[in-house]
Amino acid sequence: MNLFDVYSLYDIEPVKGLGCHVYTADGTEYLDLYGGHAVISVGHAHPLYVSAISDQVSRLGFYSNSVQNSLQQKFADRLGRISGYDDYALFLCNSGAEANENAMKLASFHTGRRKILAFDRAFHGRTSGAVAATDNPKIQAPFNSTENVVFAPLNDIEATERLLATGEFAGVIIEGIQGVAGIRMVDDDFMRRLRKLCTATGTLLILDEIQSGYGRTGRFFAHQYTGIRPDIITCAKGIANGFPMGAVLIAPSIPAVKGMLGTTFGGNHLACAAAIAVIDALEGEAMIANAAAEGEYLMEELRRLATECDEITEIRGRGLMIGIEIKGSASEIRKRLLFEHRIFTGGAGEHTVRLLPALCLPRSHSRRFIDAFRQVLTSKKPS
């Protein structure tokens, strides 16, 4: 049986990881500044993480949600404290797309309305409802096409107000920072005014913090820079450092009804053990503060580099969620970083290089990237 051919792959296979590095079978070391799409939050093979999963799987790897699992409550307590949302309820699932599906469904249940408002260039996942709220027709099958999702221009409060004034929308879903769109920033004032509009129109505000959350921006959630509190927050990616897991944080004003949501694998014993270990590492090693500090350093150095090299046209982001806009092909720049300097980075469209490293990134690795990036931008491609 062949694999279904859906990905363009580099001819590199990491077989081991440690901290901010991955290694191929022959021992070649690569600096990982992408973390598998922002998934590796506390570093590869973190000892707390390895120990927690190993210990849990040696005792009980899985049982269904028909019985009590005290690890779920332990994780909920820890997540509530570290995030500042200890008065919210938690629903656990398996992925970011699933978290967004449940968030939008919950908004519709709660309001009795059908429609969801999303924003241009949004990415919320690839399952049926999530991909309908993703502004990319190339990945939407006819099956996913629906009039229940409407897109508004990001940061256009007047257009958003006109749509919400109809009273037709169950929820608004918005990323804390648009990741797949190339680290596209949401204006702080727009987010604050959006919160007020949602309250005024009885529309639930859903914050997709799947890529921008879990400490990546230097706050636990990106929206916390604005001082607002959404009705629903979705998490995944960095939540369990690579173990498949998603979460929906739900405001106390939204009551639970048994049978409304459900999952077989969500919140399983291994996932919870992994997620608790991630919080242990984040707190024990002050990784969120490190993300803020290293992000500030990288942004400053990139701005300095932009004055030396006119190839850089814009630098966007917060913390360790950084987008670098360049004039030429971002794909070529990324390939040169990978094959000439052994540094993994990410892409987003034709002109954006994305940095999404583990939150434990040390200054020495940041310096190494800046030096390599300078060389790639200022030297000709080898013949």
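Is region 306-315 home to any residue that is among the small types (Gly, Ala, Ser), within 22 Å of residue 181 (Cα to Cα) and modelled with pLDDT under 95?
Quick first cut of region 306-315, residues among the small types (Gly, Ala, Ser) only: 306.
With the extra rule that they be within 22 Å of residue 181 (Cα to Cα), the set shrinks to 306.
Next cut, modelled with pLDDT under 95 only: none.
There is no residue in region 306-315 that is among the small types (Gly, Ala, Ser), within 22 Å of residue 181 (Cα to Cα) and modelled with pLDDT under 95.
Before we move on, is residue 286 open to solvent by less than 20 Å² (accessible area, probe 1.4 Å), of a type in the set (Gly, Ala, Ser) and without any contact (Cβ under 8 Å) to a residue 24 or more places away in the chain? Outline the logic, then answer.
On the way: open to solvent by less than 20 Å² (accessible area, probe 1.4 Å): no; of a type in the set (Gly, Ala, Ser): yes; without any contact (Cβ under 8 Å) to a residue 24 or more places away in the chain: yes.
Judged against the criteria, residue 286 is not a match.
Give just the number: which of (1) of a type in the set (S, T, N, Q); (2) more than 27 Å from residue 92 (Cβ to Cβ); (3) in contact (Cβ under 8 Å) with a residue 40 or more places away in the chain does residue 234 not satisfy?
Only one criterion in (1) of a type in the set (S, T, N, Q); (2) more than 27 Å from residue 92 (Cβ to Cβ); (3) in contact (Cβ under 8 Å) with a residue 40 or more places away in the chain is unmet by residue 234, namely (2).
Name, by its number, the condition in (1) within 19 Å of residue 318 (Cβ to Cβ); (2) surrounded by fewer than 18 Cβ atoms within 10 Å (Cβ to Cβ) that does not hold for residue 358.
Only one criterion in (1) within 19 Å of residue 318 (Cβ to Cβ); (2) surrounded by fewer than 18 Cβ atoms within 10 Å (Cβ to Cβ) is unmet by residue 358, namely (2).
Scan region 155-187 for residues that are open to solvent by 40 Å² or more (accessible area, probe 1.4 Å) and either over 22 Å from the mean Cα position of the chain (by Cα) or within 20 Å of residue 224 (Cα to Cα) (or both) and jot them down. Don't jump to the end; show me each part of the working.
Looking only at region 155-187, we keep the residues that are open to solvent by 40 Å² or more (accessible area, probe 1.4 Å), and these are 155-156, 158, 161-163, 165-166, 168, 180, 184-185, 187.
155, 156, 158, 161, 162, 163, 165, 166, 168, 184, 185, 187, listed by residue number.
Which count do you get for residues in region 39-80 that are under 20 Å from the mean Cα position of the chain (by Cα) and without any contact (Cβ under 8 Å) to a residue 12 or more places away in the chain?
Selection size over region 39-80: 1.
Pick from 214, 297: which is hydroxyl-bearing (Ser, Thr, Tyr), open to solvent by 20 Å² or more (accessible area, probe 1.4 Å) and over 26 Å from residue 166 (Cβ atoms)? Walk me through how you get there before you give the answer.
Values: 214 fails: open to solvent by 20 Å² or more (accessible area, probe 1.4 Å).
Being hydroxyl-bearing (Ser, Thr, Tyr), open to solvent by 20 Å² or more (accessible area, probe 1.4 Å) and over 26 Å from residue 166 (Cβ atoms) holds for just one of 214, 297, which is 297.
Do any strands (runs of 3 or more DSSP E) entirely within region 172-278 hold 1 or more residues that are touching a Ser or Thr at 6+ places or on another chain (Cβ under 6 Å), and if so, which?
Numbers: elements: 204-208, 232-235, 246-250.
Ranges flagged: 204-208, 246-250.
The values are calculated or read from the model by the stated rules, or taken from the named source; none is laboratory data. These numbers were taken from a predicted model, which means no experiment stands behind them. In this analysis, Cβ positions are derived from the backbone assuming ideal geometry, glycine residues included, and neighbour counts consider all displayed protein chains. Just the protein is used for accessible areas: all its heavy atoms, side chains included, with ligands, DNA and RNA removed. Shrake-Rupley method; radii C 1.70, N 1.55, O 1.52, S 1.80 Å.
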